[in-house]
Each structure stands twice: as C-alpha cells, then as structure tokens.
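Notes follow once the structure below has been shown.
What follows draws every value from the coordinates through simple rules; no lab data is involved. The structure presented is a predicted model; accordingly, all values stated were derived computationally and were not measured. Reconstructed Cβ throughout: ideal geometry from the backbone, glycine too, with neighbour counts over all protein chains shown.
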Amino acid sequence: MAKIKFTKTELKKQQDNKKQFERFLPTLQLKKQQLQMEVRQSAEALEENLREQEKLEKELAVCIAFFGDGAVSEAVASNVVVKEVVTGTANIAGINIPTFDHVEFEPGNIDLMTTDWYVDDAVAALKSAASLREARRVLQEQYELLSAELRTTSQRVNLFEKVKIPECRENIRKIGIYLGDMNTSSVARSKIAKSKAEKRAS
C-alpha cells in the first residue's frame with residue numbers, strides 16, 4: 001500500500017479515486033460478462049468445427065476406398081490447391097478479432113467426360129476439408145484473443161473490487177480519523193489557551 005499524507009487534500013484525492021474506480025467498475029464487469037459469453041460461444045464453434053471435420057473424414061474414407069491407383073489420387077490432389085483464405089475482422093467487446101469468410105481454390109482441370117464420378121465427390125470433400133481446416137485456424141485465433149482479453153479484464157475487475165476500492169476506503173477512514181483527532185486536539189488546545197488567558201486577565 002502506498003504511503004498516504006494525512007491532509008484534507010489527500011482525503012479529497014482518495015475520495016475522487018474511489019469515485020472513479022466505482023464509476024469504471026460496472027463497465028468492466030459488463031465487459032467481463034460479454035467476454036465470458038463470447039469465449040463460451042467461441043469454444044462451441046471450435047467443437048462444432050471438429051464434429052464437422054470428423055464427419056467429413058468418414059465420408060472421405062468412403063471416397064478413398066475407390067482410389068486403386070496413384071494416378072486418380074494425383075488427379076484429386078491437383079484439383080484442390082488453395083489460392084486464398086478470405087478473412088475479415090469483427091469488433092467484440094472493444095477488441096478486433098479475425099473472422100473466417102471462405103477459401104478460394106485454384107481452378108480445377110478435371111475432364112468431366114473422362115473422369116470417374118467419384119473423383120468429383122472426392123475433390124468436393126477435400127475442398128470442404130480444407131475450408132474447415134482454415135476455418136478452425138481462424139476460430140482458434142478468435143478463441144485465444146478473446147480468452148486473453150477475458151483474463152486481462154478479470155484481473156482489472158479483481159484489482160478494482162479487491163484492491164483499489166477497499167484501499168481507498170481504508171485510506172479515507174484513516175485520514176478521517178486522523179483529521180478528526182487533530183480537530184479535537186486543536187479545539188482542546190484552544191479551550192486551554194482561552195482558559196489561561198481568562199485567568200491571567202482576572
């Protein structure tokens with residue numbers, strides 16, 4: 001605890017600090033609640049993404065069963081080349097986080113007349129898998145940013161609630177007692193001095 005001066009100026013400073021902390025605290029508490037909700041939703045989005053990936057892996061396993069030779073596998077892989085991952089930004093509780101939009105792929109070169117039907121399905125499934133993978137990367141970054149901000153905000157709420165406001169209250173109480181004692185002592189000295197003066201005059 002910082003050393004305080006037992007003066008009226010210090011008393012006003014402590015009272016002003018307490019008012020300021022109490023004014024900011026509800027805003028921080030509200031931000032904390034919002035971030036808790038956003039972190040929970042972000043975690044749920046990650047779980048949903050994982051479920052979709054697991055479902056797609058099962059579908060891909062069926063497609064892979066059709067691939068007997070490397071030439072077909074190569075044809076599929078060559079038609080699933082990521083060109084760009086399109087993302088955006090959103091502002092949540094005062095922080096900017098990335099958002100996933102979609103994945104753009106290089107144009108394919110499948111000959112529809114000579115390629116087996118299941119190659120199309122495999123290409124589509126692999127593109128979906130790549131999109132889910134990129135979406136998860138962005139979702140993970142969202143979750144980490146929101147979690148970090150939640151930790152910081154929680155620390156500030158605790159600092160205000162458990163340290164700063166109680167500290168100001170205690171300082172105000174101590175200064176008030178000290179100034180009250182000084183005032184009482186001053187009045188007592190004044191009465192003694194007055195009494196002596198009266199005795200000398202009589």
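Which lysines, on any chain, are close to Lys19 with Cα under 27 Å apart, when same-chain ones fewer than 8 places away are left out? Within the straight-line limit of under 27 Å, Lys19 reaches these lysines: Lys3, Lys5, Lys8, Lys31, Lys32, Lys162, Lys164, Lys174.
When the Gaussian network model of the chain links Cα atoms closer than 10 Å, the mean-square fluctuations of Gln15, Gln53, Gln29 top out at Gln15. Label reach from Thr152 (point 7 Å along Cα→C-beta): in region 7-28, amide nitrogens under 16 Å belong to 28. Within the P(r) computed for region 8-185, what percentage of the Cα pairs occupies the region above 29 Å? For region 8-185, the fraction of Cα-Cα distances above 29 Å is 52 percent.
By the rule of a C-alpha distance below 16 Å, with chain neighbours fewer than 8 residues away ignored, the lysines paired with Lys127 are Lys55, Lys58, Lys83.
Counting only DSSP H runs of at least 4 residues, each contributing -39500 (n - 2.57), and dividing by the residue count of the chain, the helix-based mean residue ellipticity at 222 nm comes to -26500 deg cm²/dmol.
Listed by chain and number, the lysines whose alpha-carbon sits under 24 Å from that of Lys199, ignoring those within fewer than 8 places in the same chain, are Lys191. With neighbour counts taken as other beta-carbon atoms within 10 Å, the residues Leu25, Leu146, Leu50 rank, fewest first, as Leu50, Leu25, Leu146. With each label modelled as a point 7 angstrom along the Cα→C-beta vector, the Arg51-Thr87 pair spans 2.5 nm.
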